[in-house]
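Working notes for the structure below.
The values are calculated or read from the model by the stated rules, or taken from the named source; none is laboratory data. As the structure is a prediction and not an experimental result, all values here were calculated from the model. Every residue, glycine among them, receives a Cβ derived from its backbone with ideal geometry; neighbour counts consider all protein chains shown.
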Amino acid sequence: MSLLVGTKVFLFRDGRYARYDRLTNATDDGYPRSVAGNWAGLAEVGFEQPDSALNLEAGKLFFFKSDSYVRYDVAADGADAGYPLRIADQWPGLGAAGFGSDVNAAINWGNGKAYFFKGDSYLRYDIVGNRADDGYPLRIADRWPGLDAAGFAFGPRAVIDLFDGRDLWLPTAERMPGTKNGPNYIALPWRGVLHTTEGPTIDGALQTFRATNFWPTLTIEPNTFRIVQHYSLNKGARALSDHATAENAARCVQIEIVGFAAQTPELGARATGVHRRRRIRDRSTRPDTTHLGPHLPGLQRRQLSPREPDVGRRLETLLRMVRPPARPRGDPLGSRRHRHRNDPDLTGDTCS
């Protein structure tokens, strides 16, 4: 069983675990160690050898064993009180789909979805909606090309994303980093928001950002098609506040377009999809704030469309709105992730 926490990969076996560093590409010195005495509270409730584990990127880890699970607090470095609880009672849809016990592996996909694997099947879980998605489980062999031929289509014991967290910058953009670091994203679907600078020049906008520390992800000048990037695409920006608020951390690529809101028809006359820009702007300027499910206590989210495309396609669409239609399209995220081409239910999701 494996678990990813930051730059460390934890590998569990027979009551012991090893810690692997993704940056040095080596196992840390002094391992393996016993789970008992190092993961406070797990051994005491019989979880020294869990079946699977899941990191929802909100300071909580979830360990699954048989028909129960334990929630572990990263900051406190210990299991939360009141656990274990039954999987079927607390993870809606898992029990009805036959995933209420003996989960072989689980992974947070980084787009608001988690995947659970059991036997020859898998299930997709909506973290924000706190429920299993409709239409699952599906067969691993049918939806994950190559796993069946490699003998991995039944009972995988670990699923892990080894993306090393390096910064993501558009190759054609100027870099002007914000003077304050952006917040880490929380586990929500990718989305994009357009704002206007309410000023005539990009230099004036950049001067304002320096003075206020309200930095977006990107600033775009539609007349010259100059693009200035202030934050890596895998970090939150500060366009909504100069603090690391929940809104700034909500996996939202924040784009400032040089110009005035009253002139948006003129700005859009040089690009396609002006009606889509207005729709995104109207949905995003006054976010509806709601609480997430019980697995992510205390967090909030910005509610946009119920169907959010991945960051690559959304950012691609946003950039086309301020560029001439003749400019070639491309994946702004490069080769960071690829898509499952044969899985209709994964359309719009990203994977590694």
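Taken across region 101-119, residues that are among the hydroxyl-bearing types (Ser, Thr, Tyr), assigned to a strand (DSSP E or B) and either in contact (Cβ under 8 Å) with a residue 24 or more places away in the chain or within 25 Å of Gln49 (Cβ to Cβ) (or both) do occur, with at least one present.
Within the bounds of region 148-164, is there any residue that is at positive phi, touching a residue at least 40 places away in the same chain (Cβ under 8 Å) and in the same structural domain as Ala26 (by TED's automatic domain parsing)?
So in region 148-164, the residues at positive phi come out as 151, 155.
Now drop any that are not touching a residue at least 40 places away in the same chain (Cβ under 8 Å), which leaves 155.
This time we only want the ones that are in the same structural domain as Ala26 (by TED's automatic domain parsing), so: none.
No.
Figure legend. Inter-residue proximity from region 42-63: first residues in the same structural domain as Phe10 (by TED's automatic domain parsing) and free of Cβ contacts under 8 Å to residues at least 40 places away in the same chain, second residues among the aromatic types (Phe, Trp, Tyr) and surrounded by fewer than 21 Cβ atoms within 10 Å (Cβ to Cβ), beta-carbon distance below 8 Å, spacing 6+ or different chains. Indicated pairs: Val45/Tyr83. Within 29 Å of Tyr185 (Cβ to Cβ), surrounded by fewer than 21 Cβ atoms within 10 Å (Cβ to Cβ) and under 26 Å from the mean Cα position of the chain (by Cα), is that true of Asn55? No.
Would you kindly identify the strands (runs of 3 or more DSSP E) lying entirely within region 1-75 that contain at least 1 residues that are farther than 30 Å from Pro92 by Cα?
Working: elements: 2-5, 8-13, 16-21, 52-55, 60-65, 68-73.
Once the strands (runs of 3 or more DSSP E) in region 1-75 are filtered for at least 1 residues that are farther than 30 Å from Pro92 by Cα, what remains is 16-21.
Test Arg22 against the stated conditions and say whether it is in the same structural domain as Asn111 (by TED's automatic domain parsing), farther than 30 Å from Val128 by Cα, in contact (Cβ under 8 Å) with a residue 12 or more places away in the chain and touching a Ser or Thr at 6+ places or on another chain (Cβ under 7 Å).
Values: in the same structural domain as Asn111 (by TED's automatic domain parsing): yes; farther than 30 Å from Val128 by Cα: no; in contact (Cβ under 8 Å) with a residue 12 or more places away in the chain: yes; touching a Ser or Thr at 6+ places or on another chain (Cβ under 7 Å): yes.
Considered against the rule, which asks whether it is in the same structural domain as Asn111 (by TED's automatic domain parsing), farther than 30 Å from Val128 by Cα, in contact (Cβ under 8 Å) with a residue 12 or more places away in the chain and touching a Ser or Thr at 6+ places or on another chain (Cβ under 7 Å), Arg22 comes out as no.
The set of residues in region 212-227 being at pLDDT 90 or above and either farther than 18 Å from Cys252 by Cα or not assigned by TED's automatic domain parsing to the domain that holds Phe260 (or both) consists of Glu221, Arg226.
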